[in-house]
Amino acid sequence: MSNFGMVGLDWQQRINWDRLRTYRLERARERMKAHGLSAMLCMYDENVRYITGTLTPGWNRLKPGLRYCLLCGDDAPVLFEQGDIGFQIQRHSPWIPKDHVRWSYAWIKGAAGPASLQQVRKFTNGIKQEMKKANVAGAKLGVDFVDINMIQIFKDEKIDWTDGMTPMMEARAVKNEDEQEALRMVGAIGDAAHWEFMKFLKPGLTENKLTAHIMEYLYSVPGMEDVEDVIVSSGPNTWPNWRNFSDRIVKPGDIVFMDLAALTWNGYKSCYYRTYCAGKEPTREQKDIYATALKWLYDSIKAVKVGTTTREIASKWPSAKEAWGYAEEDQAAANLWGHGLGLAQYDQPVISRIWSLDHPIEIKEGMVFALETQHGKMYEWGVRIEEMLIVHKDRIEIISSFPVEQITVVDPIPGYSTLAGR
């Protein structure tokens with residue numbers, strides 16, 4: 001498949017959502033069993049969606065326990081939905097048996113105060129009842145989230161629990177053909193957003209105005225669920241890269257970069273930087289710095305292939321000391337970086353000299369991730385670029401297509417002072 005279109009049709013096979021949901025559920029089940037688990041309790045949004053194919057609305061995100069799911073043995077998943085929203089799940093999501101939809105018992109990370117322990121007891125009893133129904137009572141349970149209230153009640157109730165996030169990370173790392181097509185769509189939307197940014201950018205606009213314009217543009221796209229962040233930084237805000245936006249006015253000749261971190265189309269996320277220069281050709285120094293960052297990026301991309309490891313990729317980048325004179329790698333966290341893309345912006349693999357050299361992860365067919373590099377002059381300007389790619393058996397497919405080989409210059413005009421230091 002290759003980016004046929006955004007909506008389903010009767011005459012052309014596009015993303016097969018039934019196949020996608022089945023693949024995700026069975027991959028989660030396979031990794032659960034491979035880790036010796038009889039059941040998995042998932043409370044993080046991306047894991048709940050991966051297993052159940054249901055949406056966590058924006059107001060519900062980052063609040064583990066408002067909704068959660070339980071996967072037991074070979075049974076269908078059980079979804080615990082907030083309040084009576086479960087009736088809508090029964091209407092919208094027929095792949096979940098109606099008798100597997102429950103209401104949740106939430107304590108909202110302790111915001112319920114002294115009622116939290118009461119709620120966790122009800123939560124735990126609900127989990128035990130479902131495990132008993134599935135004939136896995138007392139067996140090992142994997143969990144992807146735990147807080148201080150759960151630890152005590154699980155101990156009291158003799159719940160045999162362990163790490164459930166690792167099997168879910170392993171499951172989500174490898175995408176099937178439908179997930180790959182969804183991520184191609186994410187790339188195409190990102191291409192369009194950068195083109196829109198290029199047309200809209202001009203001196204006199206503020207970073208937040210630029211951010212708002214791209215937010216509005218993205219939310220007009222069918223299937224767009226969430227835009228987690230649009231980063232627009234200009235001038236001295238670009239180095240060090242603070243990964244944010246402000247009310248700073250873009251000045252003539254400023255370096256500006258924009259990152260789509262992350263647009264979310266049907267659950268699947270982007271991370272996609274490009275660098276621009278507003279109203280002026282970049283200086284020779286800026287072009288050279290950009291060329292260095294581009295070489296770092298493409299050297300690492302060329303190292304990607306099935307069977308290699310994240311060590312080989314990260315080793316293509318200079319150390320933090322070599323690049324910027326930093327004392328240790330953690331001071332340059334995310335400067336030279338790679339991370340998996342999927343239902344979360346941080347699927348495996350996550351690639352950095354901080355850990356990849358000593359704790360490598362194998363690159364597998366079907367992985368989808370972004371690689372990104374940056375460089376600059378302290379408090380003056382910086383550049384950042386990023387590509388998103390799919391790992392195939394015998395090749396790498398780059399799914400971010402906006403021009404990358406040089407800084408994108410927007411409406412340059414002559415006459416800048418050579419004394420301005422730009």
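The values are calculated or read from the model by the stated rules, or taken from the named source; none is laboratory data. This is a predicted model, so every value here is computed, not measured. All Cβ positions, even for glycine, are placed from backbone atoms using ideal geometry, and neighbour counts span all protein chains on display. Calculation scope for accessible area: heavy atoms of the full protein, side chains included, ligands and nucleic acids excluded. Shrake-Rupley method; radii C 1.70, N 1.55, O 1.52, S 1.80 Å.
Looking only at strands (runs of 3 or more DSSP E) that lie completely in the stretch 172-261, which have at least 3 residues being buried (at least 21 other Cβ atoms within 10 Å of the Cβ) and in contact (Cβ under 8 Å) with a residue 24 or more places away in the chain?
Here the list reads 230-234, 255-260.
Pick from the stretch 1-29 the residues that are part of a helix (DSSP H, G or I) and not charged (D, E, K, R): which of them is surrounded by the most Cβ atoms within 10 Å (Cβ to Cβ)?
Selected residue: 28.
A quick yes/no check of all residues on (1) open to solvent by less than 80 Å² (accessible area, probe 1.4 Å); (2) β-branched (Val, Ile, Thr); (3) at pLDDT below 95:
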| position | (1), (2), (3) |
| --- | --- |
| 94 | no, no, no |
| 103 | no, no, no |
| 113 | yes, no, yes |
| 128 | yes, no, no |
| 143 | yes, yes, no |
| 147 | yes, no, yes |
| 161 | no, no, no |
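Given the residues 65, 53, which is the only one that is buried (at least 17 other Cβ atoms within 10 Å of the Cβ), touching a helix residue (DSSP H, G or I) at 6+ places or on another chain (Cβ under 7 Å) and at pLDDT below 95?
Residue meeting the stated conditions: 65.
Looking at the stretch 343-379, which of the residues that are acidic (Asp, Glu) and more than 14 Å from the chain's Cα centre (by Cα) is most open to solvent (accessible area, probe 1.4 Å)?
The residue in question is 358.
Look at residue 375 and say whether it is over 30 Å from residue 179 (Cβ atoms) and assigned to a strand (DSSP E or B).
Yes: the conditions hold for residue 375.
Is one or more of the residues making up the stretch 343-350 over 16 Å from residue 314 (Cα atoms) and in contact with a Cys (Cβ under 9 Å, 6 or more places away or on another chain)?
Yes: one or more hits.
Output the number of residues of the stretch 380-398 satisfying the condition of being in contact with a Gly (Cβ under 7 Å, 6 or more places away or on another chain) and either open to solvent by 10 Å² or more (accessible area, probe 1.4 Å) or under 22 Å from residue 335 (Cβ atoms) (or both).
4
Restricting to the stretch 291-316, give me the number of residues that are among the polar types (S, T, N, Q) and under 16 Å from residue 388 (Cα atoms).
Result for the stretch 291-316: 2.
What's the total number of residues in the stretch 273-314 that are within 20 Å of residue 378 (Cα to Cα), of a type in the set (Lys, Arg) and crowded, with 19+ Cβ neighbours inside 10 Å?
Qualifying residue count for the region: 1.
Residue pairs, Cβ under 7 Å, 6 or more apart or interchain, first in the stretch 342-371 and closer than 15 Å to residue 300 by Cα, second basic (Lys, Arg). List them.
356/311; 357/311; 360/311; 363/305; 368/175
Exactly one of these conditions fails for residue 415: (1) farther than 28 Å from residue 198 by Cβ; (2) over 20 Å from the mean Cα position of the chain (by Cα); (3) open to solvent by 70 Å² or more (accessible area, probe 1.4 Å). Give me its number.
Residue 415 satisfies all of (1) farther than 28 Å from residue 198 by Cβ; (2) over 20 Å from the mean Cα position of the chain (by Cα); (3) open to solvent by 70 Å² or more (accessible area, probe 1.4 Å) except (1).
In the stretch 348-386, what residues are in contact with a Leu (Cβ under 6 Å, 6 or more places away or on another chain) and more than 19 Å from residue 243 (Cβ to Cβ)?
Hit for the stretch 348-386 is 368, nothing else.
State all residues of the stretch 71-92 that are touching a Lys or Arg at 6+ places or on another chain (Cβ under 6 Å) and either open to solvent by less than 20 Å² (accessible area, probe 1.4 Å) or free of Cβ contacts under 8 Å to residues at least 24 places away in the same chain (or both); if no residue qualifies, say none.
80, 81, 90
For residue 40, indicate whether it is of a type in the set (A, V, I, L, M), under 21 Å from the mean Cα position of the chain (by Cα) and either under 24 Å from residue 221 (Cβ atoms) or modelled with pLDDT of 95 or more (or both).
No: the conditions fail for residue 40.
Applying the selection to the stretch 81-116, what residues are over 17 Å from residue 56 (Cβ atoms) and aliphatic (A, V, I, L, M)?
111, 112, 115
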